[in-house]
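Asker: Here it is: the structure, laid out below.
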Amino acid sequence: MIADFLRRLTAPAQDPLSDVDARRAIGALLVRIARSDNHYAPDEKARIDRILGARFGLTEAEAKALREECETIEAEAPDTVRFTRVIKEAIPLDDREAVVRAMWEVVLTDGSRDQHEDALMRMVAPLLGFTDQDSNRIRIAITKN
């Protein structure tokens, strides 16, 4: 199943992602940002579970199972550029803003921003269709809440 998803993800001519595959892609991107500082903490996993649960209407157990599947996908996924391009093509702009917001929530979970997390955010936000200023606006909105 995961190998099939990764094959579809890297195929040259892609059909739009199914809802299930879009969930996997978003979840794997959240795992990737959490792992980018080489410290994948339990509070980051819990934050990802909450984000996935709220975004997709999943129970706690379903969100955890999805995150665990996404951890495997992320470890085997192609480069971030290709992976993010698929998300951009599959998800409307408003929903992509929610993805950037979720990524910032994961980055800020431990109360600090690592240079690797910042670098990945600076790369991914434009790939999802947002400027650095847009990404910064989203980050600031999160810190005010």
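The values are calculated or read from the model by the stated rules, or taken from the named source; none is laboratory data. Remember, it's a predicted structure, so these values are computed and weren't measured experimentally. For neighbour counting, all protein chains shown are included, and Cβ atoms are generated from backbone atoms with ideal geometry for every residue, glycine included. Ligands, DNA and RNA are stripped out before the accessible areas are found, and what is left, the full protein with its side chains, is counted by its heavy atoms. Shrake-Rupley method; radii C 1.70, N 1.55, O 1.52, S 1.80 Å.
Asker: How many of the residues in segment 98-117 are open to solvent by 20 Å² or more (accessible area, probe 1.4 Å) and more than 11 Å from the chain's Cα centre (by Cα)?
Answerer: 9
Asker: Return a yes/no flag: does segment 118-134 have any residue that is open to solvent by 20 Å² or more (accessible area, probe 1.4 Å), among the acidic types (D, E) and under 13 Å from R23 (Cα atoms).
Answerer: no
Asker: Let me ask something else about it. Hey, can you tell me all the residues within segment 4-36 that are of a type in the set (A, V, I, L, M, F, W, C), open to solvent by 60 Å² or more (accessible area, probe 1.4 Å) and modelled with pLDDT under 75?
Answerer: Hit for segment 4-36 is A13, nothing else.
Asker: For segment 32-64, which positions are farther than 18 Å from D95 by Cα and in contact with a Gly (Cβ under 8 Å, 6 or more places away or on another chain)?
Answerer: T59, E60, E62, A63
Asker: For segment 87-145, which positions are in contact (Cβ under 8 Å) with a residue 40 or more places away in the chain and outside any helix (DSSP H, G or I)?
Answerer: I91, D114, L128, G129
Asker: Given the criteria within 13 Å of the chain's Cα centre (by Cα), open to solvent by less than 60 Å² (accessible area, probe 1.4 Å) and among the aliphatic types (A, V, I, L, M), does L66 qualify?
Answerer: Yes; evaluated as a whole, the condition is true for this residue.
One line per residue, one yes/no per condition, for (1) closer than 16 Å to L120 by Cβ; (2) modelled with pLDDT of 95 or more; (3) over 15 Å from the mean Cα position of the chain (by Cα); (4) buried (at least 17 other Cβ atoms within 10 Å of the Cβ):
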position: D49; (1), (2), (3), (4): no, yes, no, yes
position: G57; (1), (2), (3), (4): no, yes, yes, no
position: E62; (1), (2), (3), (4): no, yes, yes, no
position: A75; (1), (2), (3), (4): yes, no, no, no
position: V81; (1), (2), (3), (4): yes, no, no, no
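Asker: Being more than 20 Å from L52 (Cα to Cα), touching a Leu at 6+ places or on another chain (Cβ under 9 Å) and small (G, A, S) narrows it down to one residue among G111, G129; which is it?
Answerer: G129
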